[in-house]
């Protein structure tokens, strides 16, 4: 079909697939944000980044990425570029004294007051920690969030703040919330191989679920959704969910070690025990390369060894 502006678009299950973004502004350029920046640049989009770290800013500039140094929690931002798409992928800097609430809530609220009017798509990276279920339940996008952790509570507050802001502005379809499962991939396995080699026990129940997403598939979700309107919420998670025992046993095989023991009395395990699935992804043009975690683990291990 052709829109009133003359732009050719494609309708997919009630959603409108537009042109890819021309200019993306990324807030938080860590493990996910940096890779999304590279993918967008590969397809011809201009990318700008906001980071608090001067060291990271120098690294990004060396990659040819326009980088702005700002501190959202301190309400310090330079003039923002006229981007059409914004990705919020801000993690917690554990070396900083700033709290989650200061960055994820107050910082986000400040960003909204500085948002360029050119922004037509806002991609918010949330977390599956908003689902507090802990007894093996299956949860989907239609499950009512019941966060029990500080991370989950902050994420759902931020989601609600964004929903209200975009609804008040009359364009709720511009917002997409991506509830991201645990990221893994090259140089970021959920349990370092060195721990297994040292014979350390794994905290938690061996039969509890690990909800994961390979970094390459997480990036694909972000980039595809940047051109897709009317997708308010997506659980970004692999279909082939494993238990902790299955995951760590598979990882141990990759380094020729026996399956680890589990410390079932440990209270360090985060995320409880739930199986997160997506009822939405099947209707979207998003295809995962590593939907089975075992395949993703092998890829992550191979690429970690060679990088």
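Among the candidates 75, 19, single out the residue that is at pLDDT below 95 and in contact with a strand residue (DSSP E or B) (Cβ under 9 Å, 6 or more places away or on another chain).
19 is the lone residue from the list that is at pLDDT below 95 and in contact with a strand residue (DSSP E or B) (Cβ under 9 Å, 6 or more places away or on another chain).
Can you tell me which of 130, 219, 202 is buried (at least 18 other Cβ atoms within 10 Å of the Cβ), within 17 Å of residue 280 (Cβ to Cβ) and in contact with a helix residue (DSSP H, G or I) (Cβ under 9 Å, 6 or more places away or on another chain)?
130
In this structure, is residue 87 over 21 Å from residue 218 (Cβ atoms), in contact (Cβ under 8 Å) with a residue 40 or more places away in the chain and crowded, with 18+ Cβ neighbours inside 10 Å?
no
State all residues of the stretch 126-146 that are in a loop (DSSP other than H, G, I, E, B) and modelled with pLDDT of 95 or more; if no residue qualifies, say none.
Matches in the stretch 126-146: 131, 140, 141, 142, 143, 144, 145.
Given the conditions (1) touching a helix residue (DSSP H, G or I) at 6+ places or on another chain (Cβ under 7 Å); (2) free of Cβ contacts under 8 Å to residues at least 40 places away in the same chain; (3) closer than 20 Å to residue 88 by Cα, and given that residue 153 satisfies all but one, which numbered condition is not satisfied?
If we test residue 153 against (1) touching a helix residue (DSSP H, G or I) at 6+ places or on another chain (Cβ under 7 Å); (2) free of Cβ contacts under 8 Å to residues at least 40 places away in the same chain; (3) closer than 20 Å to residue 88 by Cα, just (1) comes out false.
Pick out the one residue from 35, 55, 121, 39 that is over 20 Å from residue 154 (Cα atoms), out of contact with any strand residue (DSSP E or B) (no Cβ under 9 Å at 6 or more places or on another chain), at pLDDT 95 or above and surrounded by fewer than 23 Cβ atoms within 10 Å (Cβ to Cβ).
39
Against the condition in contact with a strand residue (DSSP E or B) (Cβ under 8 Å, 6 or more places away or on another chain), farther than 29 Å from residue 205 by Cβ, assigned to a strand (DSSP E or B) and in contact (Cβ under 8 Å) with a residue 12 or more places away in the chain, how does residue 108 come out, does it pass?
Spelling it out, it is not the case that residue 108 is in contact with a strand residue (DSSP E or B) (Cβ under 8 Å, 6 or more places away or on another chain), farther than 29 Å from residue 205 by Cβ, assigned to a strand (DSSP E or B) and in contact (Cβ under 8 Å) with a residue 12 or more places away in the chain.
Residue 150 fails exactly one of the following numbered conditions: (1) crowded, with 18+ Cβ neighbours inside 10 Å; (2) over 27 Å from residue 258 (Cβ atoms). What is the number of that condition?
The single condition residue 150 does not satisfy is (1).
Take the residues in the stretch 42-52 that are surrounded by 18 or more Cβ atoms within 10 Å (Cβ to Cβ) and at pLDDT 95 or above; name whichever of them is farthest from the chain's Cα centre (by Cα).
45
Quick one: which of 80, 115 is farther than 27 Å from residue 149 by Cα and in contact (Cβ under 8 Å) with a residue 40 or more places away in the chain?
80
Has the stretch 267-281 got at least one residue that is buried (at least 18 other Cβ atoms within 10 Å of the Cβ) and out of contact with any strand residue (DSSP E or B) (no Cβ under 7 Å at 6 or more places or on another chain)?
Yes; the residues of the stretch 267-281 include at least one that is buried (at least 18 other Cβ atoms within 10 Å of the Cβ) and out of contact with any strand residue (DSSP E or B) (no Cβ under 7 Å at 6 or more places or on another chain).
For the structure I just gave you, tell me whether residue 249 is surrounded by 15 or more Cβ atoms within 10 Å (Cβ to Cβ), over 28 Å from residue 29 (Cα atoms) and in contact with a helix residue (DSSP H, G or I) (Cβ under 6 Å, 6 or more places away or on another chain).
Here the answer is no, as residue 249 does not meet what is asked.
Given the conditions (1) at pLDDT below 95; (2) part of a loop (DSSP other than H, G, I, E, B); (3) surrounded by 12 or more Cβ atoms within 10 Å (Cβ to Cβ); (4) touching a strand residue (DSSP E or B) at 6+ places or on another chain (Cβ under 9 Å), report the number of the one that residue 173 does not fulfil.
Evaluating residue 173 over (1) at pLDDT below 95; (2) part of a loop (DSSP other than H, G, I, E, B); (3) surrounded by 12 or more Cβ atoms within 10 Å (Cβ to Cβ); (4) touching a strand residue (DSSP E or B) at 6+ places or on another chain (Cβ under 9 Å) leaves (2) as the failure.
Name the strands (runs of 3 or more DSSP E) wholly within the stretch 189-307 that hold at least 2 residues that are over 21 Å from the mean Cα position of the chain (by Cα)?
Qualifying strands (runs of 3 or more DSSP E): none found.
The values are calculated or read from the model by the stated rules, or taken from the named source; none is laboratory data. Computed from a prediction, not measured in an experiment: that's the story for all the values here. Cβ atoms come from the backbone with ideal geometry, glycine included; neighbour counts cover every protein chain shown.
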